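Every number in this text was worked out from the coordinates using simple rules, so none of it is lab data. These numbers come from a predicted model, not from an experiment. All Cβ positions, glycine included, derive from the backbone under ideal geometry; neighbour counts span all protein chains shown.
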Amino acid sequence: MPRNIKIASLLTGKYCDQEVCARGWVRTRRDSKGLSFINLNDGSNQAGIQIVAEAGLENYGEALKLNVGASVEVLGKLVPSPAKGQPYEIQAKAIRIFGNASGEEYPLQKKGHTLEFLREIAHLRPRTNTFGSVFRVRNTLSHAVHTFFQERGFMYVHTPIITASDAEGAGEMFRVTTLDLDRPPRTETGVVDFSHDFFGRDVSLTVSGQLEGEIFATAFSEVYTFGPTFRAENSNTSRHLAEFWMVEPEMAFYDLGDTIDLAEAFLKYLISRCLEDRAEDLAFLQKYYNKELINTLEHIVHSPFQRVSYTDAVEILEKSGQSFELPVSWGTDLHSEHERFLTEQHFKAPVVVVDYPREIKAFYMRQNDDGRTVAAMDVLFPKLGEVIGGSQREERYDRLLARLKELNLNEKNYWWYLDLRRFGTVPHSGFGLGLERFVQFVTGMSNIRDVIPFPRVPKNASF
Ligand code: 4AD
Ligand code: MG
């Protein structure tokens, strides 16, 4: 008998009336006259499976001592369940106890806990219903990212984590060093001498794999990276993490419009996959966290994304009659309250804002002919605001060099990036999807700290 069939598979019915094995952790135990009912969960679904243990079991006495959280293996027969709400149950023939859980001390008793408290026990919260659902959704989305791109012939490229280039030019990087911080070597002028450091230079954790993605796009045409990125921005909000995962496709021969089409198809595909594959989890999350969740997700799959220029978006906001906390006028960046107004109130659909002022966007974005905007695009979602940021890249050597100089960026650090424009340059574009922002949207969780296993935020990096 195979011992590694997950509970979710056992419940499909394929194994009815067969001897099966289930292994997992006890969620609940209820005893009544010579019977003990155990709900066992192995993480493969929300409901778990009911185990019925009878007094005739060899170690029935021990089974009666099983606490919530205990780990066990059950051998028995899978039979249709007479109880409501569950198709099958296992009539136990043998129960093996790996480790009991020490009763009262186990923090996850039946009563509900606040999400804030659960963040403090991030080593145990994956065993709760909520986090079970959240992390299964996250897994389904991650898998779907690869399926979407692989089916379209995109190459997966592993861009570096440790890097010398600040892709976004925002100076929000975490430095990586092995120098002795108490006594760092210094140059004659007194500044820290990184030539003695591990890499012989000053390096940091990457904020984006884009620039290296561009290298691969100019060899493999369509590529994507999907990895961790790090930002030392002091933002203590429900949408910011210091360590988050980003999906970044980069495509040669695409203009901005092609890129928006891809982004729209991509997001709709990801949501559809969750609606199909994670129905049980979405129903649970809807019940406890967002009564409109499934409707909203279905609405997004069926509504065409609205496209609007930054200039028009600002006009809409100015004429909206809303009193925003932060003022908005041409040239300022849009904040989440503005983004949310556009998508939730004005367009009532996801919105793609294009052609932002060059002054508020990164150096690599392609300059438009009007001399004041760049070919940028942000995808805005209800509740969240920006989920995707992207652009067509400046492929013209002279324009790029001039922009680097204008921004006082050291062109020597970008020598290879400039080379791509000297040797077979092509129009190309790409975008970045913040995975956690998107998981937030799909799960309806209001805080981004509850959709990543171990959140890193200012003043906190436990586990
Ligand atoms: O808009 P951003 O900064 O764009 C880039 O990094 C580009 N290099 C992407 C590209 O064109 N290849 O970030 C992209 C997305 C944002 O839209 C947002 O969803 C997410 O990354 N993001 C964050 N998510 C969580 N915490 C943070 N601190 C985030 N900063 C950005
Ligand atoms: Mg952005």
Could you point to the residue in Thr225, His196, Thr140 farthest towards the positive end of the chain's charge dipole, with +1 and -1 charges on the Cβ of Lys/Arg and Asp/Glu respectively? Thr140
Taking segment 339-463, how much of its Cα-Cα pair set, in percent, is spaced more than 23 angstrom apart? 48 percent
Taking square-rooted eigenvalues a ≥ b ≥ c of the alpha carbon gyration tensor, is segment 139-213 rounded, prolate or oblate, where a/c under 1.5 means rounded and, failing that, a/b exceeding b/c means prolate? prolate
Rounded to the nearest 20 debye, what is the charge dipole size of the chain about its Cα centre when +1 sits on each Lys and Arg Cβ and -1 on each Asp and Glu Cβ? 1780 debye
Residue order, fewest to most beta carbons within 10 Å, for Ile452, Ile90: Ile452, Ile90
Restricted to Cα positions, what overall size does segment 312-396 have along the principal axes? Three whole-Å values, descending. 40, 22, 17
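As a check on your grasp of the helix formula, calculate [θ] at 222 nm for the chain: sum -39500 (n - 2.57) over DSSP H runs of n ≥ 4, divide by the residue count, round to the nearest 500.
-8500 deg cm²/dmol
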Taking a label point 7 Å from the Cα of Leu409 along Cα-to-Cβ, the residues of segment 369-398 whose backbone nitrogen sits under 11 Å from it are 394
log₁₀ of I(q)/I(0) at q = 0.17 Å⁻¹ - segment 240-354, Debye sum with one point per alpha carbon: -1.08
What shape does segment 54-114 have by the C-alpha gyration tensor, where a ≥ b ≥ c are the square roots of the eigenvalues, rounded means a/c under 1.5, and otherwise prolate means a/b greater than b/c and oblate the rest? oblate
So, R0 is 45 Å and r is the distance between the beta-carbons of Ser446 and Met1; what FRET efficiency does that work out to, to 0.05? 0.55
Positive end of the dipole of the chain, charges at C-beta (+1 Lys, Arg; -1 Asp, Glu), about the Cα centre: which of Phe363, Ile300, Ile215 has its Cα farthest in that direction? Ile300
Summing +1 for each Lys or Arg and -1 for each Asp or Glu, what net charge is found among the other residues whose Cβ lies under 14 Å from the Cβ of Ala47? +2
Going 7 Å from the Cα of Lys287 toward and past its Cβ, which residues in segment 73-113 have a backbone nitrogen under 17 Å from where you end up? 83-88, 110-113
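So if the hydrodynamic radius of segment 166-323 is defined as the Kirkwood radius over C-alpha pairs, what does Stokes-Einstein give as its diffusion coefficient at 37 °C and 0.692 mPa s, in µm² per second?
Values: Rh = 20.3 Å.
The diffusion coefficient I find is 162 µm²/s.
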Treating every alpha carbon of segment 76-162 as one equal point scatterer without solvent, the Debye formula yields log10 I(q)/I(0) values at q = 0.23, 0.26 Å⁻¹ of -1.13, -1.18
Of the listed pairs Lys383/Lys412; Lys111/Lys383; Lys287/Lys348; Lys84/Lys383; Lys287/Lys319, which have alpha-carbon separations greater than 31 Å here? Lys383/Lys412; Lys84/Lys383; Lys287/Lys319
By Cβ neighbour count within 10 Å, fewest first, Glu214, Glu73, Glu411, Glu151 rank Glu151, Glu411, Glu73, Glu214
Dipole check, the chain, charges on Cβ (K,R +1; D,E -1), about Cα centroid: among Leu401, Ile7, Leu285 the Cα furthest to the positive pole belongs to Ile7
Gain in span if fully extended, Arg186 to Ser336, counting 0.36 nm per residue against the direct Cα distance: 49.7 nm
Label-point separation in nm, Gln109 to Met155, each point 7 Å along Cα→Cβ: 5.8 nm
Glu325 and Leu401 label points (each 7 Å along its Cα→Cβ direction) are spaced in nm at 4.5 nm
R0 of 30 Å, Cβ-Cβ distance Ser309-Ile162: FRET efficiency to nearest 0.05: 0.20
Quick one: grab Rg to one decimal and Dmax as a whole number for the chain, Cα atoms only, in Å. 26.4, 84
What is the fewest-to-most order of Val157, Val387 by other Cβ atoms lying within 10 Å of their Cβ? Val157, Val387
Where Rh is the Kirkwood radius over the Cα pairs of segment 1-101, the temperature 4 °C and the viscosity 1.567 mPa s, what D in µm²/s does Stokes-Einstein return? 98 µm²/s
Any chance you could run the full-extension gain for Lys33 through Ile360? It's 0.36 nm times the residue separation minus the Cα-Cα distance, nm to one decimal. 110.7 nm
Net charge near Cys16: determine it from the other residues with C-beta under 15 Å of the C-beta of Cys16, scoring Lys and Arg +1 and Asp and Glu -1. -1
